[in-house]
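Here's the structure, in structure tokens; my notes come after.
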Amino acid sequence: FYKTISVAALPGVTMKFNIQASMKRIITFNRIRGHHVAQLDPLGIMDADLDSCVPTDIITSSDKLGFYGLEESDLEKVFRLPTTTFIGGSESVLPLKEIIRRLEMAYCQHIGVEFMFINDLDQCQWIRQKFETPGVMQFTLEEKRTLLARMVRSTRFEEFLQKKWSAEKRFGLEGCESLIPALKTIIDKSSENGVENVIMGMPHRGRLNVLANVIRKELEQIFCQFDSKLEAADEGSGDVKYHLGMYHRRINRVTDRNITLSLVANPSHLEAVDPVVQGKTKADQFYCGDTDGKRVMSILLHGDAAFAGQGIVYETFHLSDLPSYTTHGTVHVVVNNQIGFTTDPRMARSSPYPTDVARVVNAPIFHVNADDPEAVIYVCKVAAEWRATFHKDVVVDLVCYRRMGHNEMDEPMFTQPLMYKQIKKQKPVLQKYAEKLIAEGAVSRQEYEEEIAKYDKICEEAYARSKDEKILHIKHWLDSPWPGFFTLDGQPKSMSCPSTGLTEDNLNHIGQAASSVPVEDFTIHGGLSRILKGRAEMVKNRMVDWALGEYMAFGSLLKEGIHIRLSGQDVERGTFSHRHHVLHDQNVDKRTCIPMNHLSPDQAPYTVCNSSLSEYGVLGFELGFAMASPNALILWEAQFGDFQNTAQCIIDQFICAGQAKWVRQNGIVLLLPHGMEGMGPEHSSARPERFLQMCNDDPDVLPNITEDLAVRQLYDCNWIVVNCSTPANYFHVLRRQILLPFRKPLIIFTPKSLLRHPEARSSFDEMLPGTHFQRLIPEVGVAAERPEAVKRLIFCTGKVYYELTKERKSRGLEDTVAISRIEQLSPFPFDQVKAETERFPNADLVWCQEEHKNQGYYDYVKPRIRTTTQKAKPVWYAGRDPAAAPATGNKNTHLIELRRFLDTAFHLDAFRDQQ
């Protein structure tokens with residue numbers, strides 16, 4: 001039994017085997033590589049791992065025994081099973097033939113399990129028990145009947161849509177109908193384990209079916225979307241039906257518990273919704289005190305090609321276990337069509353499986369043949385239990401096919417003729433499963449047909465009701481409602497904003513906290529001691545710099561009960577070493593202090609967290625976090641403003657257009673460091689021209705100038721774009737973001753050199769009660785005393801103001817040149833620009849910027865200034881010439897460019913000569 005034998009396993013290599021050790025290796029190799037031979041493809045024509053070779057170490061026939069030094073006669077020998085396996089059940093010894101058979105049943109049938117890369121023994125043992133224990137995949141009669149009913153709903157819903165609207169795109173679920181019972185099983189099991197709130201994100205395939213049969217959206221609301229005569233309410237541009245989201249609270253009939261289900265709206269940009277869902281999940285956990293993720297969880301659905309091809313998937317996975325970003329485990333479900341639009345998977349990925357990206361976080365991966373509904377349900381139960389037990393990510397890979405083309409109008413035979421010949425012959429999964437249950441006696445054919453007729457009747461009745469819908473109310477499709485926010489005492493809030501100023505006592509109190517260490521025996525860095533001492537001196541002198549102005553805004557909101565979350569790369573200290581919101585003890589590892597969390601006993605919490613080196617994923621996460629509640633200030637800071645371009649998808653598809661498409665207000669704040677300071681083409685420009693181009697205000701329409709214009713403009717805009725030049729205005733715009741009666745995204749081009757500029761200081765007087773954010777800061781110097789003598793009015797924004805005032809003083813032009821700062825670029829302050837131009841009736845109008853002419857603000861502000869003046873005067877340009885790059889990489893060239901545009905701005909005859 002324990003004899004040692006020799007076998008030539010490889011040419012020229014002699015290996016010694018212990019027979020008992022060989023048996024253990026067979027078990028191990030089946031666990032590691034059994035999924036490679038599992039029967040995963042319902043069509044039977046593809047290898048899910050893109051490799052048709054059978055691994056040498058998997059015993060599929062007697063000729064494979066030689067690899068382990070065994071002979072066919074050894075199959076009848078009885079072996080004692082190791083304690084790490086569960087294939088014996090109650091038995092401790094089995095013949096080798098039976099061991100191999102049970103391993104094949106566990107790992108090589110319709111389920112393929114990848115888990116042996118996990119380095120936690122308890123987790124591996126847990127998975128082994130779930131799949132190796134004999135008879136573990138047994139279902140009760142009631143469970144089978146429920147599964148059949150869910151398959152009927154999933155299948156007949158798609159067939160009903162196809163019958164009624166055969167020429168409409170809907171991205172149906174045909175070929176993966178088992179997705180619906182799969183999701184319902186995950187939700188049922190999670191509800192059983194205490195989950196009360198499930199947030200979901202998914203692409204367009206199968207979305208309508210999920211809305212109907214998982215979220216339980218009213219069918220008539222879905223069907224009326226297909227009516228070409230349906231009029232849109234005046235609540236935005238809307239979106240196509242297979243992008244919309246939903247929020248629904250209902251009773252889970254299986255567990256008889258309340259559960260809230262949210263499906264987050266998303267664009268066609270596959271996987272972009274992943275981090276948004278995670279952020280919303282984290283926020284819901286935070287606000288209900290769910291520190292372990294036991295009450296709130298997320299489910300993410302993916303397509304196979306997108307899961308492998310989209311980098312945001314990797315970014316999102318790498319947030320999964322970070323302290324400030326973890327949602328304590330997500331169930332990922334991959335609808336594996338084995339094709340991406342028209343692209344063969346062998347051309348779409350370099351890894352064996354589309355799910356291999358999940359291995360980076362040691363997530364177990366359960367591949368399953370989607371045409372075996374019972375196998376699907378079992379792995380979904382295990383996935384839900386894994387998440388509840390270990391609070392870590394898990395992946396279910398539903399290997400299926402796409403019966404239609406990419407959409408119902410597409411012809412797949414052009415590019416996949418062999419696959420679609422097989423698909424046309426493929427018996428639908430509902431039919432196969434029904435025949436199986438009928439043969440077992442679990443249901444009768446009459447009962448099956450009655451179940452179909454019952455759901456068909458539900459669909460027909462809903463279709464009749466859908467005819468009564470004349471107008472699409474997009475609010476029916478909200479995925480993140482904010483109950484009570486838009487009303488006060490049952491009435492709509494007034495369109496006004498109170499003063500954003502603070503009392504002197506409040507400013508002093510926050511300033512003292514900003515300049516001290518509230519923890520005893522805490523050793524801070526010597527350089528930081530000097531910074532805190534400098535802050536204390538500023539407070540004493542009733543002044544703030546940029547960092548202290550931000551501190552005042554944050555601290556005051558925290559004291560008013562507003563949660564603040566600031567996230568991004570290096571935000572705790574600040575990229576430019578100016579913020580220092582987290583203090584580090586110089587003698588004790590990982591001992592930190594956040595003074596802003598020590599302002600008052602009843603304050604809201606302040607979350608400030610350095611993020612992973614990701615923009616796309618982290619900005620999406622923070623956007624999702626901001627969706628959860630309007631009573632929080634959520635900020636994302638780019639390390640440098642130009643880094644936002646790697647998050648462009650989130651900015652374009654969600655932040656810019658989110659309200660128009662989905663009536664979803666969002667108050668997220670983007671802090672984008674910006675300024676031309678000779679630092680080269682990167683790290684100079686936050687690309688303000690891109691944000692301004694996407695603003696929805698009309699440059700050719702002068703709005704009615706009324707008392708409430710400022711707030712009304714904010715309400716009508718899609719986002720707010722500002723470039724503050726003073727710490728006080730930065731302070732006010734942050735506070736205004738919360739005090740407004742609605743929420744809009746706020747884009748702030750923050751400075752770099754102004755962080756320490758001696759003139760970029762604000763007095764407490766500019767922050768006291770009665771003060772507000774200044775959309776435009778007018779000229780208040782010598783030129784304002786004799787406005788009729790002013791020959792030039794220069795409009796500018798941001799840092800360049802300080803260069804202009806310095807140059808004006810050096811040229812002795814303070815009485816003939818006025819300089820006004822437009823702090824809020826969008827919505828454009830037409831009324832204040834009008835007042836300023838009328839104040840200086842004899843002045844030429846100049847727009848001066850440090851950015852190149854084809855960049856920055858010029859193309860945005862020029863037509864708006866001309867509209868304001870009714871085109872009575874031209875608006876001349878002073879700035880850098882057009883260029884492809886945002887800035888030069890040569891310091892000397894930078895200074896020459898600076899000198900040139902300053903000369904232009906103050907050469908009083910330059911533009912008249914041009915004219």
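The values are calculated or read from the model by the stated rules, or taken from the named source; none is laboratory data. All values reported here derive from a predicted model rather than from experimental measurement. Reconstructed Cβ throughout: ideal geometry from the backbone, glycine too, with neighbour counts over all protein chains shown.
Please verify whether the stretch 149-157 includes one or more residues that are in a helix (DSSP H, G or I) and under 18 Å from Thr255 (Cβ atoms). Can you show your working first?
Filtering the stretch 149-157 down to residues in a helix (DSSP H, G or I) leaves 149-157.
If we keep only those that are under 18 Å from Thr255 (Cβ atoms) too, we end up with 149-150.
So far as the stretch 149-157 goes, yes, one or more of its residues are in a helix (DSSP H, G or I) and under 18 Å from Thr255 (Cβ atoms).
Condition check: at pLDDT 95 or above and surrounded by fewer than 24 Cβ atoms within 10 Å (Cβ to Cβ). Does Ala384 satisfy that? So Ala384 does not fit the description; no.
Among the residues of the stretch 525-532, is there at least one that is in contact with an Asp or Glu (Cβ under 8 Å, 6 or more places away or on another chain) and either part of a loop (DSSP other than H, G, I, E, B) or buried (at least 19 other Cβ atoms within 10 Å of the Cβ) (or both)? So far as the stretch 525-532 goes, no, none of its residues is in contact with an Asp or Glu (Cβ under 8 Å, 6 or more places away or on another chain) and either part of a loop (DSSP other than H, G, I, E, B) or buried (at least 19 other Cβ atoms within 10 Å of the Cβ) (or both).
Hey, among the residues in the stretch 141-183 that are small (Gly, Ala, Ser), surrounded by fewer than 22 Cβ atoms within 10 Å (Cβ to Cβ) and at pLDDT below 95, which one's farthest from Lys425 (Cα to Cα)? The qualifying residue farthest from Lys425 (Cα to Cα) is Ala167.
Within the stretch 818-827, the presence of a residue that is part of a helix (DSSP H, G or I), more than 22 Å from Lys752 (Cβ to Cβ) and modelled with pLDDT of 95 or more is excluded. The single residue among Lys436, Lys454 that is closer than 30 Å to Ser228 by Cα, in a helix (DSSP H, G or I), modelled with pLDDT of 90 or more and of a type outside the set (S, T, N, Q) turns out to be Lys454.
Among Leu754, Leu804, Leu734, Leu813, which is the only one that is part of a loop (DSSP other than H, G, I, E, B), aliphatic (A, V, I, L, M) and touching a helix residue (DSSP H, G or I) at 6+ places or on another chain (Cβ under 9 Å)? Let's see the steps before the verdict.
Numbers: Leu754 fails: part of a loop (DSSP other than H, G, I, E, B); Leu804 fails: part of a loop (DSSP other than H, G, I, E, B); Leu734 fails: part of a loop (DSSP other than H, G, I, E, B).
Unique residue meeting the criteria: Leu813.
Among residues of the stretch 425-440 that are more than 24 Å from Met413 (Cα to Cα), those with a beta-carbon under 7 Å from a residue that is among the basic types (Lys, Arg) at least six positions away or on a different chain give the pairs Leu437/Lys144; Ile438/Arg445. The set of residues from the stretch 128-153 being among the charged types (D, E, K, R) and touching a Leu at 6+ places or on another chain (Cβ under 7 Å) comprises just one member, Lys144.
Across the stretch 702-726, what is the total count of residues that are assigned to a helix (DSSP H, G or I) and within 17 Å of Leu672 (Cβ to Cβ)? Even if it seems obvious, please write down each step before you answer.
From the stretch 702-726, those assigned to a helix (DSSP H, G or I) are 709-716; that's our starting set.
Pick out the ones that are also within 17 Å of Leu672 (Cβ to Cβ) and you get none.
Counting residues in the stretch 702-726 that are assigned to a helix (DSSP H, G or I) and within 17 Å of Leu672 (Cβ to Cβ) gives 0.
Yes/no per residue for (1) crowded, with 20+ Cβ neighbours inside 10 Å; (2) touching a Pro at 6+ places or on another chain (Cβ under 9 Å); (3) modelled with pLDDT under 95:
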{"site": "Met23", "(1), (2), (3)": "yes, yes, yes"}
{"site": "Cys53", "(1), (2), (3)": "no, no, yes"}
{"site": "Ile59", "(1), (2), (3)": "yes, no, yes"}
{"site": "Asp74", "(1), (2), (3)": "no, no, yes"}
{"site": "Lys97", "(1), (2), (3)": "no, no, yes"}
{"site": "Ile111", "(1), (2), (3)": "yes, no, no"}
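Here Asp274 passes the criteria (1) over 30 Å from Val608 (Cα atoms); (2) among the acidic types (Asp, Glu); (3) within 18 Å of the chain's Cα centre (by Cα) except the one numbered (1). Which residues, taken from the stretch 258-292, are at pLDDT 90 or above and among the hydroxyl-bearing types (Ser, Thr, Tyr)? Hits for the stretch 258-292 are Thr260, Ser262, Thr281, Tyr287, Thr291. For the stretch 864-910, taking the residues that are in contact with a Gly (Cβ under 8 Å, 6 or more places away or on another chain) and aliphatic (A, V, I, L, M), the one that is farthest from Pro841 (Cα to Cα) is identified as Ala887.
Restricting attention to the stretch 162-172, the residues being free of Cβ contacts under 8 Å to residues at least 60 places away in the same chain and in contact with a helix residue (DSSP H, G or I) (Cβ under 8 Å, 6 or more places away or on another chain) number 0.
Each residue in the stretch 566-596 was checked for being touching a helix residue (DSSP H, G or I) at 6+ places or on another chain (Cβ under 9 Å), free of Cβ contacts under 8 Å to residues at least 24 places away in the same chain and not in a loop (DSSP other than H, G, I, E, B), and 0 pass. Filtering the stretch 485-514 to residues that are at pLDDT below 95, in a loop (DSSP other than H, G, I, E, B) and more than 19 Å from Gln737 (Cβ to Cβ) leaves Asp489, Gly490.
Scanning the stretch 856-915 for residues that are farther than 30 Å from Met679 by Cα, modelled with pLDDT of 95 or more and among the aliphatic types (A, V, I, L, M) turns up just one, Ile865. Residues of the stretch 242-257 that are assigned to a helix (DSSP H, G or I) and either surrounded by fewer than 17 Cβ atoms within 10 Å (Cβ to Cβ) or modelled with pLDDT of 75 or more (or both): His243 alone.
In a residue-by-residue description of the stretch 788-801, the property of being crowded, with 19+ Cβ neighbours inside 10 Å, under 25 Å from Glu537 (Cα atoms) and more than 38 Å from the chain's Cα centre (by Cα) applies to no position. When the test is whether a residue is out of contact with any Cys (no Cβ under 8 Å at 6 or more places or on another chain), within 20 Å of Gly555 (Cβ to Cβ) and not aliphatic (A, V, I, L, M), Arg579 passes it.
Results for (1) within 33 Å of the chain's Cα centre (by Cα); (2) not hydroxyl-bearing (Ser, Thr, Tyr), shown as yes or no for each residue.
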{"position": "Pro745", "(1), (2)": "yes, yes"}
{"position": "Ile748", "(1), (2)": "yes, yes"}
{"position": "Leu755", "(1), (2)": "yes, yes"}
{"position": "Ser762", "(1), (2)": "no, no"}
{"position": "Asp765", "(1), (2)": "no, yes"}
{"position": "Gly770", "(1), (2)": "no, yes"}
{"position": "Gln774", "(1), (2)": "yes, yes"}
{"position": "Ile777", "(1), (2)": "no, yes"}
{"position": "Ala783", "(1), (2)": "no, yes"}
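The combined condition, being assigned to a helix (DSSP H, G or I), of a type in the set (Asp, Glu), in contact with an Asp or Glu (Cβ under 9 Å, 6 or more places away or on another chain) and surrounded by fewer than 23 Cβ atoms within 10 Å (Cβ to Cβ), is not fulfilled by Asp652.
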